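Have a look at the structure below before the remarks.
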Amino acid sequence: MKSMLQKTIRAIFQLIYPKLCFACSKYPVLQDCSICISCQYKITPTNYHQLADNPVLERFWGRVELQHASSSFEFIKGGLLQNLIHHLKYENRPEVGVELGKMHGSRLVKTEPYNSVDFIIPVPLHAHRKHKRGYNQAAMFAEGLSISMRKTWTGSHLIRTENTQTQTQKSRIGRFENVEKAFEVVSPERLRNKHLLLVDDVITTGATLEACAIKLLEVEGVKVSVVAIALAG
Ligand SMILES: [Zn+2]
């Protein structure tokens, strides 16, 4: 009875103050959604996951051996996706990451080698930063992917042990040296011979993903693929 009343109150509230799409800030969305139908069509998939050669793979050439690497959506400065990523990272909107993951996962799971993934692993945040934001944005994307791919995601096998300095002022080499020793694998025996999908929000230099992949590849028989929401820079 109480929940019925709560639902009614929420519905009335929604009529008076509709929740607006986090991408365009124009159209109302349902309570459980964050992206309006119009924006869902306008946010363009890269389809990099279907290409044997793509700009994300190129970024990792000669650095680390990956099964495949791709980003989900076209990133345009000042565009709809940038608004969404801003909400995900700075406006306490973890559901944006889940929704983008759900949108992309249904496409990803139809393509090799992503269809053979055993576990989805988000790039970890250091505990201090996670505490500050309240959640790990890469884990939210991983959660959305896991729902539509029907694969398990786990945030407990790859952890961040060092809180590295902020990355923005550093060169690619400087960034890699900065993060190289920041990660650790927990219970590696459970990852043995598994195909892992390493997930992040935005790829800039790729240094963080590279350091994580190198760490995971130290486990016997592990294969690593990479996917991010977007490629920037
Ligand atoms: Zn919209």
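The values are calculated or read from the model by the stated rules, or taken from the named source; none is laboratory data. Bear in mind the structure is a predicted one, so any value in this text is a computation, not a measurement. Backbone-built Cβ (ideal geometry, glycine too); neighbour counts: all protein chains shown. Accessible surface areas use protein heavy atoms only, side chains included; no ligands, DNA or RNA. Shrake-Rupley method; radii C 1.70, N 1.55, O 1.52, S 1.80 Å.
Table for the structure above
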read-out	value
Helices (runs of 4 or more DSSP H) lying entirely in segment 1-71 (those with 1 or more residues that are surrounded by fewer than 14 Cβ atoms within 10 Å (Cβ to Cβ), within 16 Å of the ligand (Cβ to nearest atom) and not assigned by TED's automatic domain parsing to the domain that holds Gly97)	37-42
Meets criteria (open to solvent by 20 Å² or more (accessible area, probe 1.4 Å) and touching a Phe, Trp or Tyr at 6+ places or on another chain (Cβ under 6 Å)) for Thr161	no
Contacts under 8 angstrom Cβ, first residue in segment 25-42 being on the phi > 0 side of the Ramachandran plot, partner at pLDDT 90 or above and near the ligand (Cβ under 10 Å from one of its atoms), 6 or more apart	Ser25/Asn83
